[in-house]
Amino acid sequence: MTVEFPVTHTVFNQVPDLVPYDTSDDATLLEGLRREGGEWASRELRELGDLAGSVEVQEWGRLANENPPILRTHDRYGNRVDEVEFHPHWHDLMSVAVANGLHATPWRCDRSGAHVARAAKFYAWGQAEAGHMCPISMTYAAVPALRHNPALADMYEPLLASTHYDFGLRVPTTKRGLIAGMSMTEKQGGSDVRANTTTAAPSSDGTFTIVGHKWFTSAPMSDMFLTLAHAPGGLSCFLLPRVLPDGTRNRIVLQRLKEKLGNKSNASGELEYQGATGWLVGEEGRGVQTIIEMVNMTRLDCVIGSASGIRNATIRAVHHARHRSAFGVPLIDQPLMRNVLSDLVIESEAATVTMMRLAGATDRSANGDAGEAELRRIALAVSKYWVCKRAPSHAAEALECLGGNGYVEESGMPRLFRESPLMSIWEGSGNVAALDSLRALVKQPDSVEAYFTEVSLASGSDSRLDDAISRVGKELSDSSDIEYRARRVVELMALVFQGSLLVRHGDPAVADAFCASRLGEDWGGAFGTLPTGVDTRAVLARV
């Protein structure tokens, strides 16, 4: 006897998969690539963007996050091995990133716009999976610091710039390619690296013996680390390979991996240097000045990474609203939802145009343009604070656009949300970034002039922007309690910088909406509070 069960429900009004899609199909990104001198890489960018949004690669990202790395401290015989075991798709992601030069294009290619091309690829590929971009960024940033020791640079730079991803512990010079990490933070110091207690004692062969504990080491499975330690001459920078030239393991012990809020695919850990061997990079006693070159590069990647995540969240929210109806009307046609979605798009466009301008300044300053170097100093500091600070609130609002569906892991939004605070913390949390901006204002006054020269290029184009530029001048002219006001001052500087770029280079509807919302003195920062008169249809057409 056959029993027939009634149909309990029919599935409808569900949003189709976003994938496959092209993560580089982004007008602001492509316009910035052309404007900042990297258009020669447009074909490579489009190919990478198409791959990043493919069904296969999006699945790589999901599996790499659902199967985080595992620390294997010992082998079956009890020997210390300190190996980090990753899901196979982590290595697939790394292989593509390295093969496309996301870790080293400017060091392999002396063509103008190399930093711009690399930034655009970083932004597009990061939308596949954000965690593995950490070691990619570290490797990119290590080269300028390493050049302070020409002998070490001659030995390792070609391998750090190689397009071969060669995972595994072996003598660095025997490998086809290398990955570098950074190991600075200690328990008692955090951002105050001068409070570090790790020591470096000189040896007769010119090396140093490093002893100490590092509380947070990015990418501890790297082939080598740049680290800070107190030498007789003061706080200094050192290079420590995990395997020494004679094939023995350096005395670097991995104590544990961190259990983090997000960034699950990537390993972050605690290291102990138990008499490890290191080579001095730069002058003894000038470790901060040496490693700051690495920090400046990774801070740029914080902005790029945040812009990438903001774009990813925006695409997903708009895609959902286009295919989901409520009360008989598509979500995207409901006025308040259009207000929210348009606001998310505006934030995304502002972040993207900013990161491309900073990449252009990085490229031109590397080629000797002093004015661009001064602009980069202050604009990178204020943008690192603001763009990275906006990412978590943006991710939360984008998630909410999906309602309960957005709170479910399989939507992909929780992973984006957990990832979003990282860039605001990495390389200096909000207060550190804000105070670093003030430090630039005081110690490098030419950077202030460069900033006003840049934003004034848009003078006369929008009265709201003109008024905001004037407010920046007033804020900076009053030095009383400026440290207390640092966040307010830096936020305003960042918004004015973004507004000037959008007015000059952005879509007119986006630029108008940005100035109407962000540059008004009554703006509260909440999404979905755009004033009446904003052309939301034109704004949403950008996605």
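Side notes on the structure shown:
- Matching residues, the stretch 149-164, being under 25 Å from the mean Cα position of the chain (by Cα) and either outside any helix (DSSP H, G or I) or not assigned by TED's automatic domain parsing to the domain that holds ALA180 (or both): ALA161, SER162, THR163, HIS164
- Residue check for SER342: in contact with a helix residue (DSSP H, G or I) (Cβ under 9 Å, 6 or more places away or on another chain) and closer than 24 Å to THR529 by Cα: yes
- Of all the residues in the stretch 311-329, those that are in contact with a helix residue (DSSP H, G or I) (Cβ under 8 Å, 6 or more places away or on another chain) and among the hydrophobic types (A, V, I, L, M, F, W, C) number 4.
- Residue count for the stretch 460-479, restricted to those that are over 22 Å from GLU449 (Cβ atoms) and hydroxyl-bearing (Ser, Thr, Tyr): 1
- Number of residues in the stretch 195-216 that are among the hydroxyl-bearing types (Ser, Thr, Tyr) and either assigned to a strand (DSSP E or B) or in contact with a Cys (Cβ under 8 Å, 6 or more places away or on another chain) (or both) equals 2.
- Summed over the stretch 170-185, the residues that are outside any strand (DSSP E or B) and either surrounded by 16 or more Cβ atoms within 10 Å (Cβ to Cβ) or not assigned by TED's automatic domain parsing to the domain that holds THR198 (or both) give a count of 5.
- Residue in the stretch 67-80 that is of a type in the set (Phe, Trp, Tyr) and touching a residue at least 40 places away in the same chain (Cβ under 8 Å) present: no
- Scanning the stretch 1-41 for residues that are polar (S, T, N, Q) and crowded, with 16+ Cβ neighbours inside 10 Å yields THR23, SER24, THR28.
- Restricting VAL84, VAL98 to residues that are under 16 Å from LEU48 (Cβ atoms), out of contact with any Lys or Arg (no Cβ under 7 Å at 6 or more places or on another chain) and either outside any helix (DSSP H, G or I) or β-branched (Val, Ile, Thr) (or both) narrows the list to VAL98.
- With respect to the stated conditions, THR536 is within 14 Å of ILE346 (Cα to Cα) and in contact with a helix residue (DSSP H, G or I) (Cβ under 9 Å, 6 or more places away or on another chain).
- Reported count of residues in the stretch 1-33, each being in contact with an Asp or Glu (Cβ under 6 Å, 6 or more places away or on another chain) and part of a loop (DSSP other than H, G, I, E, B), is 1.
- Entry remark, the stretch 188-201: residues being touching a residue at least 40 places away in the same chain (Cβ under 8 Å) and either closer than 11 Å to HIS230 by Cβ or surrounded by 23 or more Cβ atoms within 10 Å (Cβ to Cβ) (or both) number 4 in total.
- Lone unmet requirement of (1) of a type outside the set (Ser, Thr, Tyr); (2) crowded, with 24+ Cβ neighbours inside 10 Å; (3) closer than 24 Å to LEU422 by Cα for ILE315: (2)
- Any hit, the stretch 223-244, residues being touching a residue at least 24 places away in the same chain (Cβ under 8 Å) and acidic (Asp, Glu): yes
- Residue among ALA359, ALA373 that alone is in contact (Cβ under 8 Å) with a residue 12 or more places away in the chain, surrounded by 24 or more Cβ atoms within 10 Å (Cβ to Cβ) and over 24 Å from PHE527 (Cα atoms): ALA359
- Leading residue by the ranking (surrounded by the fewest Cβ atoms within 10 Å (Cβ to Cβ)) among those in the stretch 54-97 that are over 14 Å from ALA128 (Cβ atoms) and of a type in the set (A, V, I, L, M, F, W, C): ILE70
- Filter result (more than 21 Å from CYS237 (Cα to Cα), buried (at least 22 other Cβ atoms within 10 Å of the Cβ) and not small (Gly, Ala, Ser)) within the stretch 264-299: ASN266
- Exactly one residue among GLY460, GLY473 is assigned to a helix (DSSP H, G or I), free of Cβ contacts under 8 Å to residues at least 40 places away in the same chain, assigned by TED's automatic domain parsing to the domain that holds GLU521 and small (Gly, Ala, Ser), and that residue is GLY473.
- Condition check for GLY428 on (1) assigned to a helix (DSSP H, G or I); (2) in contact (Cβ under 8 Å) with a residue 40 or more places away in the chain; (3) surrounded by fewer than 24 Cβ atoms within 10 Å (Cβ to Cβ): one failure, at (1).
- Filtering ALA398, ALA359, ALA391 for residues that are part of a helix (DSSP H, G or I) and either farther than 30 Å from ALA326 by Cα or in the same structural domain as ARG34 (by TED's automatic domain parsing) (or both) leaves a single hit, ALA359.
- ALA141 being closer than 30 Å to MET413 by Cα and outside any helix (DSSP H, G or I): no
- Unmet requirement for THR185, which otherwise passes all of (1) in contact (Cβ under 8 Å) with a residue 60 or more places away in the chain; (2) within 19 Å of the chain's Cα centre (by Cα): (1)
The values are calculated or read from the model by the stated rules, or taken from the named source; none is laboratory data. None of these values were measured; they are calculated from a predicted model. Because the Cβ atoms are built from the backbone with ideal geometry, glycine has one as well, and the counts that use them run over all protein chains shown.
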